[in-house]
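Structure, as structure tokens:
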Amino acid sequence: MQGNDIGMRDCIVVGAGAAGMSAALTLVRARRSTLVIDAGQQSNLAAAGIGGLLGHDRRPPAEFYAAGRAELMAYPSVELCRGEVAHGVQEDDGSFTVTFSDGRRERARSMVLAPGMNYRYPQLPGMNERWGHSVFHCPFCHGWEVSDRPMGVLAEGAVGVHGALNLRAWSDRITLLTNGSELTDQHREQLAVGGVSLDERPITGFDGPGAELRSAVFADGGELLIGALLVKTTLYQRSTLARDLGASLTEPDEMLSVEAIKVDAMTRTGVPGLYAAGDAATSVPPSMAAAVASGYLAGAAAAVQLAAGY
Ligand SMILES: Cc1cc2nc3c(=O)[nH]c(=O)nc-3n(C[C@H](O)[C@H](O)[C@H](O)COP(=O)(O)OP(=O)(O)OC[C@H]3O[C@@H](n4cnc5c(N)ncnc54)[C@H](O)[C@@H]3O)c2cc1C
């Protein structure tokens, strides 16, 4: 990666994950000078493979990102730059200036935000080291790899019931773990009808060899043998960048994201010249396929705007 003072570009893309690189590829193929700035923390780097991305199914994420960077670098009008955008502002002429955390500044006539999100889940001992392997948030991404194991679902209330019933596609031995919180009678009945077990005991942690999971351990000293754990996860903006630039964020959504950047069907944020794609935006459910698709839309929308000169 490189990156110096490069003057006014057509577009700055913040983030070189699936969304940002897809946006950049679209822009450079429209012959737009594009600076991609990336801090190198793509969300799924912890996972062994990408589940469910056509053409790349089960490919190690780092390999996918390296291939994306190589594809981009074949075009003359792109520059990939390692760094973190600390601040952004829209100037009076409509262009954008970004300031890196090391003080560098860059400018462009348009901007695509593709910074991904912070995935947060309950911090119980034994979860972080298994995250993306036997502990995961998305059954469509990782369910296949742990099919037919006894599985736990760590979540409360209706979200937990929904997650546990959904997980039956991958195993018929599912236990909803509420970690001390109690379910309503209606929820208990739904689980019973669906053949899902319930354990409401407080949990002290999870155990197992390496990245594998063997059991959930309870505060009363008991344990439950499980080979995988689906955990309710909430996505948060990684920084205040979108807000600083005047984009609107959503209110909390009980299922998944809080603070997603509001965009229309063409990834426009409502701030002229500012687009948002991938996990960080409302347009998509979090997944690699959706990130690639929305990145493409953002790149195309920015290129059309640049060509039209507004
Ligand atoms: C553990 C895990 C496993 C997953 N597995 C799968 C799977 O198997 N299949 C699937 O479809 N989906 C999977 N997902 C979801 C998938 O990874 C995301 O939907 C996808 O990565 C979103 O792409 P993105 O480009 O929006 O964000 P990211 O991939 O997170 O990329 C954003 C990039 O922007 C950078 N960035 C952020 N802020 C700044 C800044 N201020 N300045 C510069 N750079 C910045 C970040 O460092 C990062 O490199 C998984 C998620 C997790 C957490």
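If you take the residues of segment 106-127 that are within 11 Å of the ligand (Cβ to nearest atom) and over 30 Å from Glu91 (Cα atoms), which of them is most open to solvent (accessible area, probe 1.4 Å)?
It comes out as Arg120.
Would you mind finding the one in Leu213, Leu198, Leu245, Leu241 that is assigned by TED's automatic domain parsing to the domain that holds Met151, within 16 Å of the ligand (Cβ to nearest atom) and either open to solvent by 20 Å² or more (accessible area, probe 1.4 Å) or of a type outside the set (S, T, N, Q) (or both)? Let's see the steps before the verdict.
Working: Leu198 fails: within 16 Å of the ligand (Cβ to nearest atom); Leu245 fails: assigned by TED's automatic domain parsing to the domain that holds Met151; Leu241 fails: assigned by TED's automatic domain parsing to the domain that holds Met151.
Residue meeting the stated conditions: Leu213.
Please verify whether Gly55 is of a type in the set (Gly, Ala, Ser) and touching a residue at least 40 places away in the same chain (Cβ under 8 Å), treating the condition exactly as stated.
On the way: of a type in the set (Gly, Ala, Ser): yes; touching a residue at least 40 places away in the same chain (Cβ under 8 Å): no.
So Gly55 does not fit the description; no.
Can Ala23 be described as aliphatic (A, V, I, L, M), touching a Cys at 6+ places or on another chain (Cβ under 9 Å), open to solvent by less than 50 Å² (accessible area, probe 1.4 Å) and within 11 Å of the ligand (Cβ to nearest atom)?
Working: aliphatic (A, V, I, L, M): yes; touching a Cys at 6+ places or on another chain (Cβ under 9 Å): yes; open to solvent by less than 50 Å² (accessible area, probe 1.4 Å): yes; within 11 Å of the ligand (Cβ to nearest atom): yes.
Spelling it out, Ala23 is indeed aliphatic (A, V, I, L, M), touching a Cys at 6+ places or on another chain (Cβ under 9 Å), open to solvent by less than 50 Å² (accessible area, probe 1.4 Å) and within 11 Å of the ligand (Cβ to nearest atom).
Taking Leu176 and the conditions (1) in contact with a helix residue (DSSP H, G or I) (Cβ under 6 Å, 6 or more places away or on another chain); (2) in a helix (DSSP H, G or I), which numbered condition does it fall short on, given that it satisfies the others?
Evaluating Leu176 over (1) in contact with a helix residue (DSSP H, G or I) (Cβ under 6 Å, 6 or more places away or on another chain); (2) in a helix (DSSP H, G or I) leaves (2) as the failure.
Tell me which of these Val98 doesn't satisfy, since it passes every other one: (1) under 24 Å from Arg29 (Cα atoms); (2) more than 10 Å from the ligand (Cβ to nearest atom).
Among (1) under 24 Å from Arg29 (Cα atoms); (2) more than 10 Å from the ligand (Cβ to nearest atom), the lone unmet condition for Val98 is (2).
Go through (1) in the same structural domain as Ala164 (by TED's automatic domain parsing); (2) of a type outside the set (Gly, Ala, Ser); (3) closer than 19 Å to Ser43 by Cβ and name the single condition Thr204 misses.
(3)
Those residues that are in a strand (DSSP E or B) and within 21 Å of the chain's Cα centre (by Cα), I need them from segment 88-139; list them, please.
Of the residues in segment 88-139, the ones in a strand (DSSP E or B) are 88-90, 96-100, 105-113, 117-120, 131, 135-136.
Matches in segment 88-139: Met111, Val112, Leu113, Met117, Asn118, Tyr119, Arg120, Trp131, Val135, Phe136.
So in segment 257-279, with the set limited to residues that are under 19 Å from Ala18 (Cβ atoms) and in contact with an Asp or Glu (Cβ under 9 Å, 6 or more places away or on another chain), which one is surrounded by the fewest Cβ atoms within 10 Å (Cβ to Cβ)?
Among those that are under 19 Å from Ala18 (Cβ atoms) and in contact with an Asp or Glu (Cβ under 9 Å, 6 or more places away or on another chain), it is Ser257.
What pairs come up if the first residue lies in segment 226-253 and is within 27 Å of Arg130 (Cα to Cα), the second is open to solvent by 60 Å² or more (accessible area, probe 1.4 Å) and away from the ligand (no atom under 14 Å from the Cβ), and their beta carbons are under 8 Å apart, counting only those six or more places apart or on different chains?
Matching pairs, first to second residue: Ile226/Arg149; Ile226/Arg214; Gly227/Arg149; Gly227/Glu212; Gly227/Arg214; Ala228/Arg149; Lys232/Glu156.
Given the residues Leu167, Leu154, Leu191, which is the only one that is without any contact (Cβ under 8 Å) to a residue 60 or more places away in the chain and crowded, with 19+ Cβ neighbours inside 10 Å?
None of the others qualify; the one that does is Leu191.
Among the strands (runs of 3 or more DSSP E) confined wholly to segment 211-256, which include 2 or more residues that are in contact with an Asp or Glu (Cβ under 7 Å, 6 or more places away or on another chain) and among the hydrophobic types (A, V, I, L, M, F, W, C)? Spell out how you get there, then give the answer.
On the way: elements: 215-218, 223-225, 228-231, 234-237.
In segment 211-256, the matching strands (runs of 3 or more DSSP E) lie at 215-218.
The values are calculated or read from the model by the stated rules, or taken from the named source; none is laboratory data. Remember, predicted model here, so these are calculated numbers, not experimental data. Heads up, the Cβs are rebuilt from the backbone with ideal geometry, glycines too, and the neighbour counts pull from every protein chain shown. Calculation scope for accessible area: heavy atoms of the full protein, side chains included, ligands and nucleic acids excluded. Shrake-Rupley method; radii C 1.70, N 1.55, O 1.52, S 1.80 Å.
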